[in-house]
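Here's the structure we're looking at; comments come further down.
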Amino acid sequence: MKKLINDPNTVVEEMMEGIVQAYPQYVRKLEGFNVLVRADAPVSGKVALVSGGGSGHEPAHGGYVGKGMLDGAVAGAVFTSPTPDAIYEAIKAVDGGAGVLLVVKNYTGDVMNFDMAKEMAEMDGIKVDSIVVNDDVAVENSTWTTGRRGIAGTVFVHKIAGAAADKGMALEEVKRVGEKVIANVRSMGMALTPCTVPAAGKPSFTLAENEMEIGIGIHGEPGTHRESVKPADEVADELLNKILVDLPYESGDEVAVMVNGMGGTPLMELYVINRHVASVLKDKGIKVYKTFVGEYMTSLEMQGASITLLKLDDELKGLLDAPSDTIAFKNFGR
Amino acid sequence: MKKLINDPNTVVEEMMEGIVQAYPQYVRKLEGFNVLVRADAPVSGKVALVSGGGSGHEPAHGGYVGKGMLDGAVAGAVFTSPTPDAIYEAIKAVDGGAGVLLVVKNYTGDVMNFDMAKEMAEMDGIKVDSIVVNDDVAVENSTWTTGRRGIAGTVFVHKIAGAAADKGMALEEVKRVGEKVIANVRSMGMALTPCTVPAAGKPSFTLAENEMEIGIGIHGEPGTHRESVKPADEVADELLNKILVDLPYESGDEVAVMVNGMGGTPLMELYVINRHVASVLKDKGIKVYKTFVGEYMTSLEMQGASITLLKLDDELKGLLDAPSDTIAFKNFGR
Amino acid sequence: MTINNINVIDIIKVMANAIAENKEYLTELDSAIGDADHGINMDRGMQAVLGKLPSVEDKDIGTVLKTVGMTLVSTVGGASGPLYGTAFMRAGQAAAGKMEIDEKDILAIFEAALQGIKERGKAVAGEKTMIDALEPALKSYRDAVDNNIGLAEALNRAVYAAKEGMEYTKNIIATKGRASYLGERSIGHQDPGATSSYLLLQAAARVVNSL
Amino acid sequence: MTINNINVIDIIKVMANAIAENKEYLTELDSAIGDADHGINMDRGMQAVLGKLPSVEDKDIGTVLKTVGMTLVSTVGGASGPLYGTAFMRAGQAAAGKMEIDEKDILAIFEAALQGIKERGKAVAGEKTMIDALEPALKSYRDAVDNNIGLAEALNRAVYAAKEGMEYTKNIIATKGRASYLGERSIGHQDPGATSSYLLLQAAARVVNSL
Ligand SMILES: Nc1ncnc2c1ncn2[C@@H]1O[C@H](COP(=O)(O)OP(=O)(O)O)[C@@H](O)[C@H]1O
Ligand SMILES: Nc1ncnc2c1ncn2[C@@H]1O[C@H](COP(=O)(O)OP(=O)(O)O)[C@@H](O)[C@H]1O
Ligand SMILES: [Mg+2]
Ligand SMILES: [Mg+2]
Ligand SMILES: [Mg+2]
Ligand SMILES: [Mg+2]
């Protein structure tokens, strides 16, 4: 394992310090907890958004704390959902009196920990509600399983529900908007290489030089199946084929596109993928309203990519375009 | 070689298409050339900035095209400086009548190709001047060698000279400001892993599991020397020690910091590095005015980082804070 | 046979050691069908528990177990944190105020713990989780207690059943937790949570056998 | 002995083949002390040149060489693009209007080409660049021509001197180009540009020898 770290046991704490020292204009850290909140939290009278999850997904979620997106982000150990006490502290720190919406990715651990924190905060009389993002079409949706995972589509939920809160909408409305995003967003990812959790010291799976893993999550888990490596266009096709039929996305629809890097992929390759995504969507008569190419929801140094489509209506378009100013997602409102 | 590409021979063209399809609000491509210019180029009456270099450094340089930074970016083959004809086309496309400043990184190839383009444009009567960035302290500065390389500090030149041009300064003034940045910026980088040029198909050097390369450039070249891997704090110390004494940066100085990832390094690790940089600077009485942590000037999928310090005066602070709106560098003016 | 609060603290310590010794093994199991952190998570939690034990040295068993549960909840994270945390907190409720517990008390404690896991995780046996080790273990233990077999032997039988349940998880598809995303691919791999459950029960039985 | 425009075009073709055959080798040399692209750069350029040759098939040698130079400038990039590009463009100026050239003409062409490289790159012999192959080659060629040795043999001597110069680059520290960043570490490695220069000269000699 080669990493620019000091000690696997303190890497999350040291990262948090590094973020706060870099961007004090955006975030501050809650003493004793790996929680980042807006530098100006709580924002009085505004619905607050709290998200989080394991670390290792940077810039998620601390990079999305700020005007127009999240009010608080809770970081667990690497790839391990945070504990209820930390989430509870985040809720208390950002509540501006209008209630708090938790944006949870659909993993058993995340759901349970956020639920416990919600119970704790409600006992304090704080109005808390939660939404669960499950955009990953790689995983079959079935009532008798855990359901689909939440992956990069979560960033659209942060952006759009965050804009709704910023506009002064009430908790119920912010939740409705967030759920509208969840209902309309689908993603799928793949990896060329695994990644190594610092405390584990070795890769979470191995791939031969000619193999890739399809349908991965964002925690270094193996995916749904393994294949020989293919040209980028064919990889994009494989992901798109599952995504497009799922909602489905159809001719005449308007979408936002996110081509997300898993952490170790050069931006060059993400752009090569986007070229093909744009051309496939064009062929299908699906209009691209806005595109985001970059690292939004990563898995440490994993090489790979995910594609996310979000079907837009006028309300979602307006909120997607609304200004946001966070470390990793800045929008001037265009 | 595992890459999300279709063909090493067309990867730069396909990337350019992917960028334009993703961000038409920011950039357009010159037909027949791998050149990106501002969507609204030429901006009449404004000094235009053109930069560029080999591809593989994304988001440099196309990601810095837009309001408050570059007017044009010329992309060569991977790690190969672009040709004079493409640079010449960029100059013609962005000249708004107030002249064009070329921001060149100090590599023999870049300097020669930009010089040839400048000669061509001057024959057309366009006012062209150039500045050469050489911030890399890893390389000894000596009159009988090529001199120091230009690396991540170049992004500060784009930002600050770009802001000067945006404020309406004349070519001579924009050049003066750019040269002030160059005089005050120093960088140094290291790598844990090499990278693979797509057309070459194999890594440009090899490192054992316990080795790292110190003093690397941004083209997958080997560095000045090789060492056993060390904790992140010691790596940061090693880079900082060379940077700090070079200008030198001293107690009472105010600086902007950039901790730049080489492409394959998780953001987590860059933040761990920044934590130590901040603490060393604090110990030395050097005030951090603003910090940038992320991937600004990369070498494909190389794992590693560089540290850049820019000594600021009031003029540079004002221009650093000025608004910019580009794909990869957005600043709301705070 | 009864065990007292000191014995319970001993059990917790031996549990922590068992997890520490199997940290890599549990993580490896989790890397095959999960996210390669179960051993790391559990060890982080149990080490924190060890740090808390001195403060409850002379407290009743209920307080000891509740403290273990709360510590796990706030240090483990992931799926196993709320699950084991809830289990120990419920166990603590069932043992509230007691300085000594016998076979029957332990049955009630065990039942409360498993019930907590099921409620928190909304899972049942057969979904390739820790429940597949714990439920058969509880059944064996209950049968043994009903038949007035001594505590030590009852616990040994529970451990044996947990081991069988743990091994059985190799044969089934996961439908809960992270491993469920793998579908058929999860077959052939042993569930990490079932394994840690077996290790915890084994640690308890060992201490009781040595008394 | 003279060679005509058709022979020159043949030479360029053989040069392109030599570069194509040695693409990997040149890139490997560049990966040791540079950025692993010299073979790729040169091959991209020479392939583009091959594509341009039909359009100058019946043109004078000056036009042929100038076309080669302009094509290299606009397709190679890096350091070698402007250097070889300038060399061929200057060579074209020196051969302007000629449909046939003799030993003396070739001397003038060769001198103009090397002068172009030196001016463009601001380098001299001994800095571990292509100049270390070309300058001794030019000297040997000039000596041979001064001694009225025939064109083919003069070129063979130039090739031999280029080879020696190329090998000599292994022993010296680079002070120009990308390899200069390595300092002492550049010793022991052969310069890629000196190697491509040797290959180009060798290709020219081969064609002339076969006439
Ligand atoms: N809903 C559930 N009910 C019971 N046990 C579960 C449930 N989900 C997961 N588990 C258990 O948790 C274990 C994984 O724990 P751990 O790796 O620490 O958490 P995570 O999956 O969040 O990384 C699984 O092996 C399984 O035994
Ligand atoms: N200033 C110079 N003068 C002459 N030749 C040079 C100079 N700088 C570099 N070279 C030659 O160029 C070669 C490298 O070419 P290439 O790899 O194509 O370009 P780059 O170094 O830009 O990647 C070197 O091996 C050297 O022979
Ligand atoms: Mg986990
Ligand atoms: Mg090059
Ligand atoms: Mg796990
Ligand atoms: Mg090179």
Completion exercise
For the residue C:187, residue D:21 Cβ pair and Förster radius 35 Å, calculated FRET efficiency rounded to 0.05 is 0.10
Problem - Relative contact order [Cα under 8 Å, 6+ residues apart], chain C, whole percent - result: 23
Exercise for the section: Find the centroid of the Cα atoms in region B:177-194 and in region B:1-40, then give the distance between the two in whole Å. Expected result: 26
Practice task
Starting at the first residue of region B:271-282, write each ³J(HN,Hα) from the Karplus equation 6.51 cos²θ - 1.76 cosθ + 1.60 with θ = phi - 60°, in whole Hz, x for Gly and Pro.
Solution key: 5, 4, 5, 4, 3, 6, 4, 4, 6, 5, 5, 4
Practice task
Could you work out the mean count of beta carbons from other protein chains within 10 Å of each residue's beta carbon in B:192-199?
Solution key: 4
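For region C:1-105, how many pairs of lysine residues have a Cα-Cα distance under 16 Å, where the two are 8 or more positions apart or belong to different chains?
On the way: C:13/C:23; C:13/C:52; C:13/C:59; C:13/C:66; C:52/C:66; C:59/C:98; C:66/C:98.
Number of lysine pairs found: 7.
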Exercise for the section: Note down the net charge around residue D:179, summing +1 for each Lys or Arg and -1 for each Asp or Glu among other residues with Cβ under 11 Å from its Cβ. Expected result: -1
Practice task
Please work out the C-alpha center-to-center distance from region A:291-334 to region A:196-254 and express it in whole Å.
Solution key: 19
Exercise for the section: List every residue whose amide H lies under 5 Å from the amide H of residue B:136, counting only residues 5 or more places away in sequence or on a different chain, with H placed 1.01 Å from N in the peptide plane. Expected result: B:149, B:151, B:187
Handout entry: Rough spin-label spacing in nm, given labels placed 7 Å along Cα→Cβ, for residue C:105 and residue A:183
Key = 5.4
Exercise for the section: For residue A:67, go through the aspartates and glutamates and keep the ones whose alpha-carbon is under 16 Å away, minus same-chain ones fewer than eight residues off. Expected result: A:40, A:95, A:166, A:321, A:325
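What order do you get for D:67-74, C:182-189 when each peptide is scored by the mean count of other beta carbon atoms within 10 Å, highest first? Don't skip to the answer; put the middle values down first.
On the way: D:67-74: 22.8, C:182-189: 17.1.
Peptide ranking by packing, descending: D:67-74, C:182-189.
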Handout entry: chain A: relative contact order as a whole-number percent, Cα under 8 Å and 6+ apart
Key = 18
Fill in the blank from the handout: Output row for residue D:4: copy-to-copy label distances, label 7 Å along Cα→C-beta, ascending, in nanometres, one decimal, is 11.6
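Counting only other residues whose beta carbon sits under 10 Å from that of residue A:232, what net charge do I get with K and R as +1, D and E as -1?
On the way: positive: A:230, A:275, B:3; negative: A:233, A:234, A:237, A:269, B:7, B:14.
Local charge sum for residue A:232: -3.
Take each of the peptides A:216-229, B:59-72, average the number of other beta-carbon atoms within 10 Å over its residues, and list them starting from the highest.
On the way: A:216-229: 22.4, B:59-72: 28.5.
Ranked from most to least packed, the peptides come out as B:59-72, A:216-229.
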Handout entry: Rough spin-label spacing in nm, given labels placed 7 Å along Cα→Cβ, for residue B:172 and residue B:9
Key = 5.1
Fill in the blank from the handout: Counting other chain Cβ atoms within 10 Å of each Cβ in B:216-227 and taking the mean gives 4
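Please identify the DSSP H helices in chain C that span no less than 15 Å along the helix axis (Cα) and have a mean Kyte-Doolittle hydropathy of 0.5 or more.
Details: long enough: C:5-21 (24 Å, 0.99); C:23-33 (16 Å, -0.30); C:38-52 (21 Å, -0.35); C:61-75 (21 Å, 1.22); C:80-94 (21 Å, 0.02); C:103-121 (27 Å, -0.07); C:131-146 (22 Å, -0.28); C:151-168 (25 Å, -0.15); C:192-209 (25 Å, 0.55).
Membrane-span-like by this criterion, though nothing is claimed about a membrane: C:5-21, C:61-75, C:192-209.
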Problem - Partner lysines for residue D:163 [C-alpha distance under 16 Å; skip if fewer than 8 residues away on the same chain] - result: D:128, D:139
Practice task
Enumerate lysine pairs in region A:129-236 that are 8 or more residues apart or on different chains, then count those whose Cα atoms are under 17 Å apart.
Solution key: 5
Fill in the blank from the handout: Label points for residue A:179 built 7 Å along Cα→Cβ; distances to same position in the other copies, nm, shortest first, come to 6.5
Exercise for the section: Could you pull the Cα extents of the protein assembly as shown along its three principal axes, largest to smallest, in whole Å? Expected result: 118, 62, 55
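Across peptide A:291-302, how many C-beta atoms of other chains are within 10 Å of each residue C-beta, on average? Mind dumping the intermediate values first?
On the way: counts 7, 2, 9, 8, 5, 0, 0, 3, 2, 5, 9, 2.
Shielding by partners across A:291-302 averages 4.
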Handout entry: Charge context of residue B:78, other residues only, Cβ under 10 angstrom, K/R +1, D/E -1
Key = -2
Completion exercise
One decimal, nm, nearest first: from residue B:7 to the same residue in each other copy, label points 7 Å out along Cα→Cβ, the values are 5.4
Exercise for the section: Only Cα pairs under 8 Å and at least 6 apart count here; give the relative contact order of region D:68-114 as a rounded whole percent. Expected result: 35
Problem - Gap separating the Cα centres of region D:196-211 and region A:61-136, nearest whole Å - result: 72
Practice task
Sum -39500 (n - 2.57) across every DSSP H segment of at least 4 residues in the protein assembly as shown, then divide by the residue count to get the 222 nm mean residue ellipticity, nearest 500.
Solution key: -15000 deg cm²/dmol
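Every number in this text was worked out from the coordinates using simple rules, so none of it is lab data. Bear in mind the structure is a predicted one, so any value in this text is a computation, not a measurement. Positions of Cβ are generated from backbone atoms using ideal geometry, with glycine treated the same way; all protein chains shown enter the neighbour counts.
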